[in-house]
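Below is one structure, written out as structure tokens; comments come after it.
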């Protein structure tokens with residue numbers, strides 16, 4: 001198991017994929033700060049990780065959509081653990097009902113989009129400048145298959161996850177010339193409470209092991225996949241050895257319009 005150094009900040013850390021990542025990164029040697037809204041559950045989760053791994057952990061309760069809350073949380077992490085070397089934007093809601101867009105509750109629909117996009121924006125805005133000052137850092141946004149393929153019953157989640165890819169690409173372009181990189185990592189279908197709540201996955205059993213998500217995130221944290229900055233990786237499908245040895249060209253693994261033919265003026 002490769003050893004990692006530095007400080008990781010994981011949002012949505014008290015359950016699901018975030019909880020798996022917190023423990024896995026702590027086992028690999030990182031000091032890990034977990035951020036979530038529910039303070040009691042978060043503190044319990046981070047205490048469990050500390051007990052299980054012997055690592056340094058910090059629970060920071062915050063709403064990722066609130067600027068003041070995010071800035072205070074990042075400041076606390078910096079004071080208690082040190083500057084953030086790895087930011088994992090994992091927090092986000094899912095559509096409450098599997099319905100077409102016109103039947104969705106407008107407020108809940110917008111809450112889903114805001115949780116992912118405003119959350120990622122605010123965390124990156126608070127963390128990346130400090131990474132640039134040290135010329136070191138990695139940002140990972142937890143993407144989805146719905147980042148690249150629309151779903152008629154999860155329109156808000158699809159919009160949010162696609163938007164994350166644009167944020168990642170914008171970050172990567174703006175960070176060129178530095179040793180700060182940004183990535184999208186889709187976890188596949190991991191067995192989590194959120195996934196279990198989705199009707200589309202009822203009866204599904206071919207789960208992506210969370211260890212495969214961790215392997216890619218840890219490789220990113222260790223600087224092994226820097227050539228993939230600004231691009232989309234998929235746990236459970238991508239082979240880590242192949243990713244390490246491959247340098248993508250042009251717009252591979254990025255969102256682009258596909259021309260309708262050779263005469264397409266936008267080709």
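Taking the numbered list (1) at pLDDT below 95; (2) under 20 Å from residue 119 (Cα atoms); (3) surrounded by fewer than 18 Cβ atoms within 10 Å (Cβ to Cβ) in turn, residue 187 passes all entries but (3).
When every residue of region 53-68 is checked against the conditions, none turns out to be part of a helix (DSSP H, G or I), surrounded by 22 or more Cβ atoms within 10 Å (Cβ to Cβ) and under 18 Å from the mean Cα position of the chain (by Cα).
Scanning region 12-31 for residues that are over 15 Å from the mean Cα position of the chain (by Cα) and either assigned to a strand (DSSP E or B) or closer than 21 Å to residue 118 by Cβ (or both) turns up just one, 31. Of everything in region 223-252 that is surrounded by 16 or more Cβ atoms within 10 Å (Cβ to Cβ) and part of a loop (DSSP other than H, G, I, E, B), the residue that is modelled with the lowest pLDDT is 236.
Go through 141, 124 for me and flag whichever is under 14 Å from the mean Cα position of the chain (by Cα), within 21 Å of residue 9 (Cα to Cα) and not in a strand (DSSP E or B). Matching residue, one of 141, 124: 124. Scanning region 118-158 for residues that are without any contact (Cβ under 8 Å) to a residue 60 or more places away in the chain and over 18 Å from residue 230 (Cα atoms) returns 118, 122, 126, 130, 133, 134, 149, 150, 151, 152, 153, 158.
Would you mind stating whether residue 171 is in contact with a strand residue (DSSP E or B) (Cβ under 6 Å, 6 or more places away or on another chain), part of a helix (DSSP H, G or I) and touching a residue at least 40 places away in the same chain (Cβ under 8 Å)? Considered against the rule, which asks whether it is in contact with a strand residue (DSSP E or B) (Cβ under 6 Å, 6 or more places away or on another chain), part of a helix (DSSP H, G or I) and touching a residue at least 40 places away in the same chain (Cβ under 8 Å), residue 171 comes out as yes.
The values are calculated or read from the model by the stated rules, or taken from the named source; none is laboratory data. Just so it is clear, the structure is predicted and the values come from calculations on it, not from any experiment. Positions of Cβ are generated from backbone atoms using ideal geometry, with glycine treated the same way; all protein chains shown enter the neighbour counts.
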